[in-house]
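Participant: Structure below; questions to follow.
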Amino acid sequence: LGKRLNNALGQLSKASVVDDEVIEALVKELVSALLEADVNVKLVASLRTKIRARVKKSLEEAETSGQGLRESNKKQIVQKAVFDELVAMVDPGTEPYKPVKGKSNVLMAVGIQGAGKTTTCTKLAVHYQRKGFRTCLVCADTFRAGAFDQLKQNATKAKIPFYGSYTETDPVAIASMGVEKFRKERFDVIIVDTSGRHKQESELFEEMVNIGNAVKPDMTIMVLDASIGQAAEGQSRAFKESSNFGAIIVTKLDGHAKGGGAISAVAATKTPIIFLGTGEHLNDLERFAPQPFISKLLGMGDMQGLFEHMQDVAMANPDKQKAMAKKLEEGKFALRDWREQLSTLMNMGSLSKIMSSIPGLSGAMEGVSDEDAGSKLKRMIFIMDSMDNTELDSDGLIFMKMDSEGLPTGLNKRAFRVARGSGTSVKEVEEMLTQARAMSGFAKMAGGMANASKEKDWTK
Ligand code: GDP
Ligand code: MG
């Protein structure tokens, strides 16, 4: 899906003029990519309408704001409109429950058999334990033979206290006893694993409701197998009616699952996804948030990661932090800022990994070793060290020859001087400028998003 969406947007950046025809082609490509990924047909249709409307509105607004509209700006506006609508699709606009310290938070997992509940419960326990919560597991699955053994094995491996029974056959009784015991022992997070029948049978729903009434969960989590595709929507609606879950975890996204069905489930139930399961191991749990998910899908790198990184960098110096936040908000990002980011990167751990998460660099860093990444970074910094202050404070266009319409046609004398002065090639200078431009385009597009994503950290 990501590849196709990315291609669609790639076509947009190649187009020399952004007219209705180009926009329609983009929308068409997006639609077929989403359908192929199993996103619900109705949802895709409404998305198409919304994207068209948002693009039109944004372009009109930009046009009336007084500044002439360049094709490159138009592309950015279209790209942002698409991005925002895709984010809105996976963002139900409601916040899930967050466990708090100082009380026993009860979480209950529901979902059909084989969805990944037991595995996910253990992953969650490990996650919250790492966050400093005293965490434990309760096995309320008396339906499946060996269910308690499975949970016991997982819990033991992860060194998580657990509760269950080989003899008691009433899941409600086990759940109540387990939760009560752990409440008394003042555990912070008590995770209740339930059974799931093959389908959403009424018996299962009744059992879920009864367990829920007995343990009064702070959050009920529906565990959804990504590979069920289109069936995700019906299944999650049915569960929503009977158990009113407050969060979704989508599992098995590491396989060949398309994941689009899961997106449809979110839209259908207006419930946030909080985590993704990406493997059978205890650590294969990823936090989910709409913006990073969509940017990854679109091959834009992990924006949240980038902002977190920038915040870390800026944290060491509060004045700088303010300045950087302001720049991002205003969409200003000069070469000097780029240089600062890069030089901080030089002193960080796994360079290639960090660099590949940064939009301007992700393409250039594919399959590059840490060592190569380091020398590449150094050369980029050399280039900027050969610039004068005016150049550093610019967005990089100062190095370009412009045509009569103000569009860049190539490098000018300054670029050649900088290449000579830094002992690099003109090609490297050009590359560095392209990357800085991608970054600054991103900063522009990010606009207030930096702040939005700070507040939207659901799962902490
Ligand atoms: P339950 O019946 O809902 O409790 O499901 P289980 O936790 O027993 O999981 C069913 C199967 O799915 C097991 O073989 C798990 O190892 C596997 N599984 C669970 N989550 C994931 C995941 O995120 N990725 C993969 N590849 N397998 C998973
Ligand atoms: Mg189970």
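Each value in this text was obtained by applying a stated rule to the coordinates, not by laboratory testing. Quick caveat: nothing in here was measured; it's all calculated off a predicted structure. Here the Cβ is made from the backbone with ideal geometry for all residues, glycine too, and neighbour counts use every protein chain on show.
Participant: Say a paramagnetic label sat at a point 7 Å from the Cα of N244, along Cα to Cβ; which residues of the range 170-208 have their backbone N under 18 Å from it?
Facilitator: Taking a point 7 Å out along Cα→Cβ of N244, the residues of the range 170-208 whose backbone N falls under 18 Å are 205-208.
Participant: Right, next: Quick check on the range 159-233: what does the Kirkwood estimate of hydrodynamic radius come out to from the alpha carbon pairs, in Å? Walk me through the intermediate numbers first.
Facilitator: Values: mean 1/r = 0.0713 Å⁻¹.
Every distinct Cα pair counted, the radius reaches 14.0 Å.
Participant: Also, quick follow-up: Which pairs in the list K42/K270; K378/K401; K103/K240; K117/K240; K98/K270 are over 19 Å apart, alpha-carbon to alpha-carbon? Display every interim value, and only then the final one.
Facilitator: Working: K42/K270 15 Å; K378/K401 26 Å; K103/K240 26 Å; K117/K240 16 Å; K98/K270 17 Å.
Those over the limit are K378/K401; K103/K240.
Participant: Ok, one more. From the cross-link list K56/K427; K157/K216; K131/K181, which pairs have alpha carbons spaced over 30 Å apart? Mind showing how you got there, number by number?
Facilitator: Numbers: K56/K427 38 Å; K157/K216 28 Å; K131/K181 22 Å.
In this structure, K56/K427 lie more than 30 Å apart at Cα.
Participant: In whole angstrom, and with the biggest value first, how far do the Cα coordinates of the range 105-290 range along each principal axis?
Facilitator: 41, 35, 27
Participant: Filter the GluC sites (Glu not before Pro) in the range 43-140 to those in DSSP coil with at most 13 other Cβ atoms within 10 Å of their Cβ, and list the result. Mind showing how you got there, number by number?
Facilitator: Working: sites: E60, E61, E63, E71, E85; in loops: none.
Qualifying residues, ordered by number: none.
Participant: Would you work out the relative contact order for the range 105-290, in percent, from Cα pairs under 8 angstrom that are 6 or more residues apart?
Facilitator: Details: 386 pairs, mean separation 47.7, N = 186.
Result for the range 105-290 is 26 percent.
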